[in-house]
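Right, one structure below, let's go through it.
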Amino acid sequence: MPAATIDLPLSFSVPEEFQDIDLTVSAEANTNKLIGELTRLTPRPSDEQIAHAALVQQSMYEMLTAAGAVYAGILLAGPTEDEPGRHLSSLMLTVTARPSELSNDRTVHRLARTMGAIYPEAEVGVVRLPSGPAVLLTEDSKVERPVNLLSDGGGPTVVRQLHVFVPIPGRLAMADFSIATENLAEWDDYVDILGQVCTTIEFTD
């Protein structure tokens, strides 16, 4: 279970299958950990895939730390005994501290209206979690080159993101729980994973 931080006074749990990115150590240390995990996969990714994964993770580490992320983890999916031809893919789960204009339930409805206006092509809604109300935002983005950790490149692709914005009681801040992946075939399963994570949110103040 990731520990509560100064920025976000809350705790939550993620499935043990996720490989945590340690934001308190260097990008190099996290990259070496990822390479070790990749080389143990069966079948083993190609050297080109491993090199691509290392480069992408270093870039993501820099973006996450700059954005104020307090947690980041990667779920790797690949061939199984039942599905030997399954492609290698990855899911990124992050939790980021975001500023908020309000510190109560009103911020949820205002944020939902604002997000709907700013992102007219996105799906925006409000949901009630065990910890309280939250805003959901789902958006597809077309990128010119695949950004999947295990992709070797290729033409344009679609990255789908789901954000769950959770207000922090008594603070002008919220936690942004989000997932992002190019593996749209398993999107429903990934949404369930994020839903399970959000049900474990507990405020520590």
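Only the coordinates and a few stated rules stand behind these numbers; no lab work does. This one's a predicted model, so the numbers in the text were calculated from it and none came from an experiment. In this analysis, Cβ positions are derived from the backbone assuming ideal geometry, glycine residues included, and neighbour counts consider all displayed protein chains.
Points worth noting:
- Highest average packing first - 46-56, 118-128, 171-181, Cβ atoms within 10 Å: 171-181, 46-56, 118-128
- Compared with the direct C-alpha span, the chain from A66 to I35 gains 8.8 nm at full extension, assuming 0.36 nm per residue.
- Inter-label distance for A51 and R128, nm, one decimal - labels placed 7 Å from Cα along Cα-to-Cβ: 5.5 nm
- For the peptides 24-32, 109-117, the ranking by mean Cβ contacts within 10 Å, running from highest to lowest, is 109-117, 24-32.
- Modelled spin-label separation between Y119 and D189, with each label point placed 7 Å from Cα along the Cα-to-Cβ direction: 2.4 nm.
- Placing pseudo-labels 7 Å out from each Cα toward the beta carbon at Q196 and D22 gives an inter-label distance of 2.5 nm.
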